[in-house]
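Worksheet for the structure shown next.
What follows is calculated from the coordinates using simple rules that are stated; it is not laboratory data. From a predicted model like this one, the values you see are computed outputs, not experimental measurements. Virtual Cβ from ideal backbone geometry, glycine too; neighbours counted across all protein chains shown.
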Amino acid sequence: MLTIRGTNFKVGKQANLVAFKRDGGAAVFVKAAESTRTRMKVIVPASVSKSLTKKAGVAQPTRFRMRVLARRFSKSYTPNRLSPTIVPSATVDGKAPAPVAPAPAGGPGASAPAAPPVAPSDCDADGVVDTVDEDDDNDNLSDALETILKTNLCAKDSDRDSLEDGWEYYSAIDLNSTAAPYPGARPYPNPLFRDAEVDHDGDGLLAYEEHTLWVKFGNRALPLSYSDGTQFTGPLVPAPTDPAHVHLNIPSHDGAIDAAYLSDDEKDADGDRLGNWDETHGRLNAGWWKIEYQAEDPQFPLASYYLQPDYLNSDSDADGILDGDDDQDHDDLNNVGELNRISTMVHPFNPCLPDWTSRTCPRYLPPKPRYAPFDSDPLVVPPLPVPWCPDALTDTDEPYPGRPRLCP
């Protein structure tokens, strides 16, 4: 509630009109709640908030000049010294009083009760006010640089695509060796372009996946530990030679460097013996097998029946066993052992491969026509291992008497 003192006001409720106007802004009109000949009470309208000055997109306390229309307009707007300052969070719309900064009493100006002190802006809530903080939103970009890039100084993620501005900026430098693509070029990683679902560097990991790895395992530090601007972020990681991890180095056609070092997709961020790509889109992803070996559709509800390993959690099912050593289809062959088909027809989401006598393979397979590799009668010979020699002598040992032996 704002009290205005003067002379020659019209008596009554909503009998007088008051105009609020900041310098350089449009006037906002409101009727006084009640008036005598020398005093009016006015509720500051919420519409005044649209005229508040803004700093970095945040409304600031603003001084408003006033002018009264009774039987006629007052000669001019009030001078600064008699004009109230309106606090952004305190404007109301006829429902509650609006605290305002004090103005000197007397004369035709306004007086109002003292408003509580306004806390200085601190966008990232780090205890350092924005006027002193060189990085208001803690996004690894200085305010000076964000001003040039036209990103939001008070928002860590200007385009709201879940990727921090700083991470997108430095990823773009990795991709282009320059910061030139800002603020609007595409398809580079860009804090003003929503591209979380894009794989800019072609390593098989989407931008949001590499960003998440950087946040969780890189603690949001610079230089980036995972970038969507290069397939080999940070110091090169030599390809492992120990048997327990050699499978992480996936053969590729992108040059000798891939044979000697692990790319971002091959690295094992959560330490479960499974590479980042294998757990997100590759061989420990049920959908990969359905696409890669379409004729072998095991007719099991892979997506819901088996838990998908989490690339951010080394023990996704919390059973005390690392995901690489765990066994998604419970056929007693661990996940690492079912990544590659070298001599055995493995499948980490098919309990009947490589062994249809495993303890979890259904006792009653679907009726004919059968699907590969069960396109023959499953009661004759289990389909393992491959390649096998049809004309070779057969084994006599349990548990597979009559199974062809491996080729020499």
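Rounded, prolate or oblate: which one fits segment 228-282, using the alpha carbon gyration tensor with axes a ≥ b ≥ c (rounded when a/c is under 1.5, else prolate when a/b beats b/c, else oblate)? Rounded, since a/c falls under 1.5. List, in the order given, every pair from K31/K54; K50/K150; K31/K55; K216/K290; K156/K216; K50/K156 whose Cα-Cα distance in the structure shown is over 19 Å. The pairs that break the limit, which is 19 Å between Cα atoms, are K31/K54; K50/K150; K31/K55; K216/K290; K50/K156.
Packing here is the average count of other Cβ atoms within 10 Å per residue, and on that basis the peptides 231-243, 307-319, highest first, run 307-319, 231-243. What is segment 318-367 by shape, rounded, prolate or oblate, if you read a ≥ b ≥ c off the alpha carbon gyration tensor as root eigenvalues and call it rounded for a/c under 1.5, prolate for a/b larger than b/c, and oblate otherwise? Oblate, since a/c reaches 1.5 and b/c is not below a/b.
Hey, with R₀ at 56 Å, roughly what FRET efficiency would Q60 and L307 work out to, going by the Cβ-Cβ distance, to 0.05? Given R0 = 56 Å and the Cβ-Cβ separation, E is 0.65. Centre-to-centre separation between the Cα atoms of segment 333-364 and those of segment 218-271: 28 Å.
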